[in-house]
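Visitor: Just dropping this structure here.
The values are calculated or read from the model by the stated rules, or taken from the named source; none is laboratory data. Values in this document were obtained by computation on a predicted structure and should not be read as measured data. Here the Cβ positions follow ideal geometry from the backbone for every residue, glycine too, while neighbour counts run over all protein chains shown. Keep in mind that these areas ignore ligands, DNA and RNA; they rest on the heavy atoms of the full protein, side chains included. Shrake-Rupley method; radii C 1.70, N 1.55, O 1.52, S 1.80 Å.
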Amino acid sequence: MTKAISLKFRTPLIALLLPALLVLAAPPLRAQSIEFRPALELALKHSGVMLSASADRARALARYHAERYAYMPTVIFGSGLGYSVGQPIAIAGEAPSLYNLVHNQTIFNLATNERIKAAHSDSTAANIDYMDSTEQVILDTALLYIELDSTQQRLTTAREQKQSVDHALYIAQQRQQEGVGSLLDSKRAELDSARVDLRITELETNLDVLRERLGRAIGRPSATLATVSESIPAPPALPTADDVASVALANSNSVRVADEHLRAAKDRARAEHRMRYPSIDFAGQFAEFSTFNNYAQYYREFSPHNYSFGINLRVPILNLAQNARAAAADAEALHAEADAQTARDKVATDAVRAQHTIHQLEASAKVARLEYEVAQANIDAVQLQVQNGRANAHDQELARADVANRQLLLLQSQFEYIRAQLQLLRLTGELHGWALGNK
């Protein structure tokens, strides 16, 4: 009876512990490291931005071909079967027929010529916009990868700092219990430990978010994703030109796209104006007439086989609606010109701002590096003071924690500096070559 009761209470306990035992027995997930450039290549393949840009490019090219094909013949086959009473008359503009064949081809049309130019400019703009989207995806993924790598290093440093502040807290509490330390020292050490805990929590959260974003960007599982620090290229060299705005304007894809849109808008405006010019088409039609539509009764020389062809000349004389459309197209061209100037101003301003930001961040990174080196040197000084009895182990641990804190600030400063460099390379058109090693 006792054994039965024991088994009765033991069974639920086993059921509760079994999932935990299975989790502990399961092999840990292995980290899947991916290098910098393969990550960028995968991002370009999986990016929805690139898919949209590719679709826009294909659409613009198809529209260009559609405009060019206006000078190619079009052939339409159809039938106009119908019953007629009395003299046969046209049905929907055509005489009743068993079947008919209609062809048409533009010979001379100045408006069509301008529309072809406009479509070509739109296609060129779509190609440039595709390259611009490529560079934007490269920039976003590169910054994401570098930030993830930097966050991993900062988290490792913060955990090392946690060991130092916890040891310092332990020493402070022991000194307080022994009567050689104060409550204030213990509280300060406890506060330092809590601050490091907060920093570690923030870094762990940021790390998970960055890993998830990078995993989705490259199409890889994010749970085990890891970066390879050695695969990141060396920091890019800054542009040597004094006038960085001119370099940016000469290489900016956004400026080139705006210029192509302006060119297309002007071509469309000219096309609307040239709708008032004469145009010439070559047209023809073959029709096989039936024998039950009374053609023989009303036409002396009836033939079931009929073909007509010739030149269709159109000379517009008065079309007020077309004049209004031309005026609207002129206004759109002015709008496109203003947009192009705005794009140039923005690129030039952003380039100058980025250059000055880099100089500021470079100075900030230098300060952070020197503070880190001073903190490292301070460890040796504190060690010497400990040997001379002028400092204790608590001071030594605080010095180590300060080194870790300075290292965290240095890593953050270095990342911000690299980010500013990449943004400037994006403006000057040199990002692709740095990131992927080719042009």
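Visitor: Being surrounded by 13 or more Cβ atoms within 10 Å (Cβ to Cβ), modelled with pLDDT of 90 or more and outside any helix (DSSP H, G or I) narrows it down to one residue among ASP259, ASP281, ASP267; which is it?
Guide: ASP281
Visitor: If I filter segment 286-296 for residues that are within 30 Å of THR124 (Cα to Cα) and either among the hydroxyl-bearing types (Ser, Thr, Tyr) or open to solvent by 30 Å² or more (accessible area, probe 1.4 Å) (or both), do I get at least one hit?
Guide: no
Visitor: Just to be sure, is THR124 more than 19 Å from ASP197 (Cα to Cα), touching a residue at least 12 places away in the same chain (Cβ under 8 Å), open to solvent by 20 Å² or more (accessible area, probe 1.4 Å) and of a type in the set (Val, Ile, Thr)?
Guide: yes
Visitor: Quick one: in segment 402-439, of everything that is under 12 Å from THR157 (Cα atoms) and among the charged types (D, E, K, R), which residue is farthest from the chain's Cα centre (by Cα)?
Guide: Ranking the qualifying residues of segment 402-439, first place goes to ASP402.
A quick yes/no check of all residues on (1) of a type in the set (A, V, I, L, M); (2) assigned to a helix (DSSP H, G or I):
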site: GLU160; (1), (2): no, yes
site: LEU169; (1), (2): yes, yes
site: ALA172; (1), (2): yes, yes
site: GLN177; (1), (2): no, yes
site: VAL180; (1), (2): yes, no
site: SER186; (1), (2): no, yes
site: ARG195; (1), (2): no, yes
site: LEU198; (1), (2): yes, yes
site: GLU202; (1), (2): no, yes
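Visitor: Among the residues of segment 185-236, how many are over 30 Å from the mean Cα position of the chain (by Cα), open to solvent by 30 Å² or more (accessible area, probe 1.4 Å) and either polar (S, T, N, Q) or modelled with pLDDT of 85 or more (or both)?
Guide: Qualifying residue count, segment 185-236: 8.
Visitor: Are there any pairs, at least 6 apart or on different chains, whose C-beta atoms fall under 8 Å, with the first in segment 221-243 and within 16 Å of LEU148 (Cα to Cα) and β-branched (Val, Ile, Thr) and the second open to solvent by 30 Å² or more (accessible area, probe 1.4 Å) and modelled with pLDDT of 75 or more, and if so, which?
Guide: Note: pairs meeting the criteria are THR224/GLN32; THR227/SER33; THR227/GLN152; VAL228/SER33; VAL228/GLU35.
Visitor: With the condition kept exactly as written, say whether any residue in segment 151-174 is within 30 Å of the chain's Cα centre (by Cα), under 30 Å from SER33 (Cβ atoms) and either of a type in the set (Phe, Trp, Tyr) or open to solvent by less than 20 Å² (accessible area, probe 1.4 Å) (or both). I'd like the intermediate steps shown before the answer.
Guide: Taking segment 151-174 and keeping what is within 30 Å of the chain's Cα centre (by Cα), we get 151-155.
Now restrict to residues that are under 30 Å from SER33 (Cβ atoms): 151-155.
This time we only want the ones that are either of a type in the set (Phe, Trp, Tyr) or open to solvent by less than 20 Å² (accessible area, probe 1.4 Å) (or both), so: 151, 155.
The answer is yes, given that some residue of segment 151-174 is within 30 Å of the chain's Cα centre (by Cα), under 30 Å from SER33 (Cβ atoms) and either of a type in the set (Phe, Trp, Tyr) or open to solvent by less than 20 Å² (accessible area, probe 1.4 Å) (or both).
Visitor: OK, next. Which residue out of ILE89, ILE116 is open to solvent by 60 Å² or more (accessible area, probe 1.4 Å) and hydrophobic (A, V, I, L, M, F, W, C)?
Guide: Result: ILE89 is the single residue among ILE89, ILE116 that is open to solvent by 60 Å² or more (accessible area, probe 1.4 Å) and hydrophobic (A, V, I, L, M, F, W, C).
Visitor: To continue, here is another question. Find all pairs meeting these conditions: Cβ atoms under 8 angstrom apart; at least six residues apart or on different chains; first residue within segment 339-355 and under 16 Å from ARG256 (Cα atoms); second residue in a helix (DSSP H, G or I) and of a type in the set (D, E, K, R).
Guide: ALA340/ASP259
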